[in-house]
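Read through the structure below, which is laid out as structure tokens, and then see the notes.
The values are calculated or read from the model by the stated rules, or taken from the named source; none is laboratory data. What you are looking at is a predicted structure, and each value in this text was computed from that prediction instead of being measured. With ideal geometry, Cβ positions are generated from the backbone for all residues, glycine too; neighbour counts draw on all protein chains shown.
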């Protein structure tokens, strides 16, 4: 049996050392650990207590350990004001009998972010998400469940977009 060439062993050793050094130095893609570096340490949210969007946003903010959610607006460094939040459902298309074939679902949030001195950190921003859903009269319950699932999906997407906008805020 032949011994492997010396050049092959040197390359293998170099590759193993390189991988070990990358793993040992703590290299990690930016944002891959779910943490967000925000310009403020505390935030007040103006959502109702029963708002599913507010609950999910709070959960995502608490998941990172850098921002505290406060219940008193005077103790917050940032104030998240919800100007409007609405869900909509519009007819997208009809079949040959004039019955609904597709709906267009929309979820719109308009908000702004201010600092403790009432200066705008983020001007009023509107985020609108849309999803299309096919409709079938013979499967009404299934389509209602699908609609609820699509709204929950839009809500999660909306929370991620809000978080990205909050991270993008730069202090004055």
Residue 167 touching a helix residue (DSSP H, G or I) at 6+ places or on another chain (Cβ under 8 Å) and either surrounded by fewer than 11 Cβ atoms within 10 Å (Cβ to Cβ) or under 20 Å from residue 61 (Cα atoms) (or both)
no
Count of residues meeting criterion [over 27 Å from residue 167 (Cβ atoms) and without any contact (Cβ under 8 Å) to a residue 24 or more places away in the chain] in region 104-147:
10
Among 76, 39, which is the only one that is surrounded by 10 or more Cβ atoms within 10 Å (Cβ to Cβ), more than 17 Å from the chain's Cα centre (by Cα), at pLDDT 90 or above and under 30 Å from residue 111 (Cα atoms)?
76
Among residues of region 152-164, those that are under 14 Å from residue 89 (Cα atoms) and loosely packed, with under 15 Cβ neighbours inside 10 Å, counted
0
Of all residues in region 117-151, how many are surrounded by fewer than 13 Cβ atoms within 10 Å (Cβ to Cβ) and assigned to a helix (DSSP H, G or I)?
10
Only listed residue being surrounded by fewer than 16 Cβ atoms within 10 Å (Cβ to Cβ), touching a residue at least 60 places away in the same chain (Cβ under 8 Å) and either within 28 Å of residue 150 (Cα to Cα) or over 24 Å from the mean Cα position of the chain (by Cα) (or both), chosen from 87, 99:
87
Please find, within region 55-68, the residue that is nearest to residue 38 (Cα to Cα) out of those that are in contact with a strand residue (DSSP E or B) (Cβ under 7 Å, 6 or more places away or on another chain), assigned to a helix (DSSP H, G or I) and in contact (Cβ under 8 Å) with a residue 24 or more places away in the chain.
61
